[in-house]
Amino acid sequence: MPRTIMHTTASKPRLALSTLAPVTFQSEIRAMTVECDRMGGINLAQGVCDTPVPAVVEAAAAQAMREGQNIYTRCDGIARLREAIVQKQGRDYGLMYDAEREVMVASGATAGLHATAMALLNPGDEVLVFEPFYGYHVNTLKSLRVNPVLVALAEPGFRLDLDALRSAVTPQTRAVLVNTPANPSGKIFSLAELEEVAELCRQHDLFLITDEIYEYFVYDGAQHICPATLEGMRERTIVISGFSKTYSITGWRIGYATADARWMPAMAHFHDLTYVCAPAPLQVGVAAGLEQLPPSFYSQLSAEYQAKREKMVAALQNAGMEPSIPAGAYYIMARVDHLPGKTAAEKARHLLKATGVAAVAGSAFFRPGRGENLLRFCFAKLDEELDEACSRLRKL
Ligand code: PLP
């Protein structure tokens, strides 16, 4: 007798994408990168620093690999790197952590945020995110069924709009996410602004999740302020940062989170589930960098990138665009009203065709309908390539 296959009448198709899959979108940045590669253009779309890796970092990683440090590490990283991160947070910000219980080496800041959100947030919770935003922040939250609530920064100058921030708080709000210096705006949150954010967090008993990956990319003598240093904030702040940018190792996947010991074990648990650990020999390389690179390495980094920023701003102005001058990070948002195209994506494609320079549509960083007259340019490039991009842009 043939067996009967039972069908339930009201059943949903099982061979299907998750309900989340259709709402997460393809990164516009990656799309421009693909298009740019196809036509052999200069890619100022993606935040890929192809500047050299510091020799000490590279050498220590290679040596670690040769010496056999190639196996799993503790899920929150090797002791040497956790200790080096503690030293760094103390030296740079006067922030003290316990290397054993309050530091997690993560597979990039990206993994740090993912593990943080898994550990602290529930589906349906809301997190306040400033707009323009970094797409990974919004999409990481969405992928965990957490709702990012966008709080627009005020023009001109991407200022904190305190009324907008206050009125965005609801009973579902659990955290504020601050990226300083920020991608894409280049905004550095001032002490006064951070005090306001901190006050709101204390008042509503919220977490503050920071992304400080551009902490050393600060210009015109600006100082990075680590929000966890503000009064009453250490216990509720999850500090996330990493070495992708500082040491030009975006492909290595080494970042970290520092937080109060109450939160860290759960964060490490979720990091373990997704990544097991950050790459072992590369953790050694980064530890050597933290231990051995002098303070002048970091000040030189900001001076070098400030010079790149000047070049790029001048070229964009020569091309008839209106760049806003970033205080930090390594992106420039420029108004491009004069470029043909109804949307920012069309304008970016026009620019790529006309000059062979790829930028990202501003709309990638805003809610639908905003950012359509903006393009974002990344200036984390070797000088020769940046010079070539600038001379192409000037001919526009
Ligand atoms: N956070 C911000 C704001 C970024 O712009 C980027 C990269 O562009 C990252 C995090 C990625 O960091 P990581 O490579 O450490 O995951």
- residue 150 vs. criteria modelled with pLDDT of 95 or more and either part of a helix (DSSP H, G or I) or more than 16 Å from the ligand (Cβ to nearest atom) (or both): no
- Quick check, is residue 131 charged (D, E, K, R), touching an Asp or Glu at 6+ places or on another chain (Cβ under 7 Å) and either within 16 Å of the ligand (Cβ to nearest atom) or touching a residue at least 60 places away in the same chain (Cβ under 8 Å) (or both)? no
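Criterion first (crowded, with 20+ Cβ neighbours inside 10 Å, among the aliphatic types (A, V, I, L, M), in contact (Cβ under 8 Å) with a residue 12 or more places away in the chain and not assigned by TED's automatic domain parsing to the domain that holds residue 329) does residue 162 satisfy it?
It is false that residue 162 is crowded, with 20+ Cβ neighbours inside 10 Å, among the aliphatic types (A, V, I, L, M), in contact (Cβ under 8 Å) with a residue 12 or more places away in the chain and not assigned by TED's automatic domain parsing to the domain that holds residue 329.
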- Would you please list the contacts, defined by Cβ atoms under 9 Å and residues six or more apart or on different chains, that run from a residue in region 1-30 that is surrounded by 10 or more Cβ atoms within 10 Å (Cβ to Cβ) to a residue that is at pLDDT below 75? 29/47
- Task: Look at region 237-254 and say how many of its residues are surrounded by fewer than 21 Cβ atoms within 10 Å (Cβ to Cβ) and more than 10 Å from the ligand (Cβ to nearest atom).
- Result: 1
- Task: Just need a number here: residues in region 285-318 that are within 27 Å of residue 77 (Cα to Cα) and of a type in the set (Phe, Trp, Tyr).
- Result: 2
- Query: Across region 125-145, what is the number of residues that are among the aliphatic types (A, V, I, L, M) and assigned to a loop (DSSP other than H, G, I, E, B)?
  - Reply: 1
- Just one listed residue, out of 278, 222, 257, is at pLDDT 95 or above, small (Gly, Ala, Ser) and more than 16 Å from the ligand (Cβ to nearest atom), and it is 222
- Count of residues meeting criterion [of a type outside the set (Phe, Trp, Tyr), buried (at least 22 other Cβ atoms within 10 Å of the Cβ) and either within 16 Å of the ligand (Cβ to nearest atom) or free of Cβ contacts under 8 Å to residues at least 24 places away in the same chain (or both)] in region 185-211: 8
- Item | Residue that is part of a helix (DSSP H, G or I), under 30 Å from residue 265 (Cα atoms) and of a type outside the set (Val, Ile, Thr), where the choices are 306, 283, 300 | 283
- Message: Among the numbered criteria (1) over 16 Å from the mean Cα position of the chain (by Cα); (2) buried (at least 20 other Cβ atoms within 10 Å of the Cβ); (3) within 16 Å of the ligand (Cβ to nearest atom), which one does residue 118 miss?
- Response: (2)
- Matching residues in region 368-377 (surrounded by fewer than 24 Cβ atoms within 10 Å (Cβ to Cβ) and either part of a helix (DSSP H, G or I) or touching a Phe, Trp or Tyr at 6+ places or on another chain (Cβ under 9 Å) (or both)) number 2
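The values are calculated or read from the model by the stated rules, or taken from the named source; none is laboratory data. Everything numeric in this text was worked out from a predicted model, so none of it was measured. Don't worry about glycine lacking a Cβ; one is built from the backbone with ideal geometry, like all the others, and counts go over all protein chains shown.
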